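The values are calculated or read from the model by the stated rules, or taken from the named source; none is laboratory data. Remember, it's a predicted structure, so these values are computed and weren't measured experimentally. Here the Cβ is made from the backbone with ideal geometry for all residues, glycine too, and neighbour counts use every protein chain on show. Note: accessible area is taken over every heavy atom of the protein model, side chains too, but ligands, DNA and RNA are not part of it. Shrake-Rupley method; radii C 1.70, N 1.55, O 1.52, S 1.80 Å.
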Amino acid sequence: MIMTCALCNEDSLTFFTKKDAKSGVPLKLGRCRSCGLVQQINPPSDESLVVYYSHHYRQDYKKSYSPRARDVWRAGQAAISRLTFLGSHLSKTPSETKLVDIGAGGGEFAYLAKKSGYEASGIEPNIGYSEFARNEYQTQVSTADLSSLEPGSADIITMFHVLEHLPDPKSAIEKLFNALSPSGHLLIEVPNILQSDASPHNIYFRAHLFYFSLSSLVTLTSPFFELVAQQSQGNLRVLLRKRPAIGSTVYPSEHQVQSDLKSFERKGWWDYLTIGRGYQKLLSRPRRIVEESVVKSLRPKDILDGLYADWQGLQTDMRDRVTRRWRQTKLGFLTSMSVGITGIAACL
């Protein structure tokens, strides 16, 4: 049982209970009053986590042994956004850069990074997803975990929605520091515990051992990396540069901790619907359903190639099909509305 903060080691946890968004099972959590990190109090053992992530996690959360077309579509869109962010803040030429994606999933990011010119590979602990990456994209995604990283083996390491799952984030960050070449970069994305656009019933998960804010994530990485760029609207995304040598931890100011606490306590349905504009997710859902209905008959590689071409400004058959289907759907809806209104008017 965790009784002190895993980040600052202070005995300053405020305990609370939330329900796992998937199962409804109560989760005991603690928020550190000194650094702001939110963490599970009774995390699973390291041994059980190894088994869970290699065999069960993807099935529990994706309900599938390997990615479906809609998963590929969503992962491809996220990969394009991440590559855009990475490219806008780095001057390195992709063709001269070794990139390793940690927790590579089905390999969509690694595949699109390779198409963008990076010498890209990945590691993924889940057997089904790593096999999918190798078979569908011929991408070098090993069935492995962080322990397989060799010192100085990468110029860029990316890690999307992985850090919150790891039982010892401090050791993980040090491992990534050692695996990077001098002046190498680390791109991390995690859920943002302070984000206002996350539905209140979709925040806490049994598989998430830690919940980061920008300040707690920067604190965690500060001995090993310096912050280059960050994006905190929605998920938390940070680009970090490796320090020449390991330094001291830089903790957030008391003012920052209190400011984060106010944001944390304010979270709820009103905040989600107003500041977070949660209603927009409902409005965008019909378009997403149409898009995913179009791509479900396509091969995974064709989906990613279509997204990449669209990103490059090229007209694609996939995009044309999505646009036509969306127009037909809207026209059908408007026609139905018109018929309905006409029928009501005739009865008056």
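Note down the Stokes-Einstein diffusion coefficient of the stretch 283-329 in µm²/s, whole number, using a Kirkwood radius over alpha carbon pairs, 25 °C, and 0.890 mPa s.
223
Can you tell me the order of 33-45, 245-257 when each peptide is scored by its average per-residue count of other Cβ atoms within 10 angstrom, highest first?
Final packing ranking: 33-45, 245-257.
Regarding the stretch 241-281, what is the average projected area of its C-alpha convex hull, in nm²?
5.2
Relative to the first principal axis of the alpha-carbon coordinates of the chain, what is the inclination of helix 300-311, with its axis defined by its Cα atoms, in degrees from 0 to 90 and to the nearest 10?
It works out to around 90 degrees.
What is the projected area of the convex hull of the Cα atoms of the stretch 200-282, averaged over all directions, in nm²?
Its average projected convex-hull area is 7.0 nm².
Considering the Cα trace of the stretch 249-321, what is its radius of gyration and what is Dmax, both in angstroms?
Gyration radius and largest Cα-Cα distance of the stretch 249-321: 20.5, 54 Å.
Compute the semi-axes of the equivalent ellipsoid of the stretch 146-288, taking the square root of 5 times each eigenvalue of the Cα gyration tensor, and list them largest first in whole Å.
Largest first, the stretch 146-288 gives 30, 18, 13 Å.
Local charge sum around Gly103 (other residues, Cβ-Cβ under 10 Å, Lys/Arg +1, Asp/Glu -1)?
Computed value for this residue: -3.
When only C-alpha pairs under 8 Å and at least 6 residues apart count, what is the relative contact order of the chain, in percent?
16
Can you tell me, using C-alpha contacts under 8 Å and at least 6 residues apart, the relative contact order of the stretch 137-252 as a whole percent?
Over the stretch 137-252, the number comes to 27 percent.
Quick one: pull the percent of accessible area on the chain belonging to carbon and sulfur, 1.4 Å probe, ligands and nucleic acids left out.
The computed percentage sits at 54.
With no solvent and one equal point scatterer placed on each C-alpha of the stretch 103-145, evaluate the Debye formula and give log10 I(q)/I(0) for q = 0.28, 0.29, 0.30 Å⁻¹, two decimals.
Per q value, in the given order, log10 I(q)/I(0) is -0.85, -0.90, -0.95.
Using helices alone, what [θ] at 222 nm do you get for the chain, with -39,500 (n - 2.57) per DSSP H run of 4 or more residues, divided over all residues and rounded to the nearest 500?
-13500 deg cm²/dmol
How much area per residue is accessible in the chain when the probe is 1.4 Å and only protein heavy atoms are counted (Å²)?
The answer is 50 Å² per residue.
Bin by bin, in steps of 10 Å, what percent of the Cα pairs in the stretch 122-176 do you find, going until the bin that has the longest distance?
In order of increasing distance, the bins hold 21, 53, 25, 2 percent.
Largest first, what is the accessible-area ranking of Arg324, Arg82 with a 1.4 Å probe?
Sorted by accessible area, descending: Arg324, Arg82.
Rounded to the nearest 10 Å², what accessible area does Trp311 show when all protein chains are kept and the probe is 1.4 Å?
Roughly 90 Å² of Trp311 is accessible to a 1.4 Å probe.
Counting only protein chains, not ligands or nucleic acids, how are Lys267, Lys22 ordered by accessible area (probe 1.4 Å), most first?
Lys22, Lys267
Which values of log₁₀ I(q)/I(0), to two decimal places, follow from the Debye formula for the stretch 1-145 at q = 0.18 Å⁻¹ with a uniform point scatterer at every Cα?
-1.04
Once you order the gyration tensor axes a ≥ b ≥ c over the Cα atoms, which shape class does the chain get: rounded for a/c under 1.5, otherwise prolate or oblate by comparing a/b with b/c?
oblate
How big is D, in µm² s⁻¹, for the stretch 203-250 by Stokes-Einstein at 10 °C and 1.306 mPa s if Rh is the Kirkwood radius over C-alpha pairs?
134
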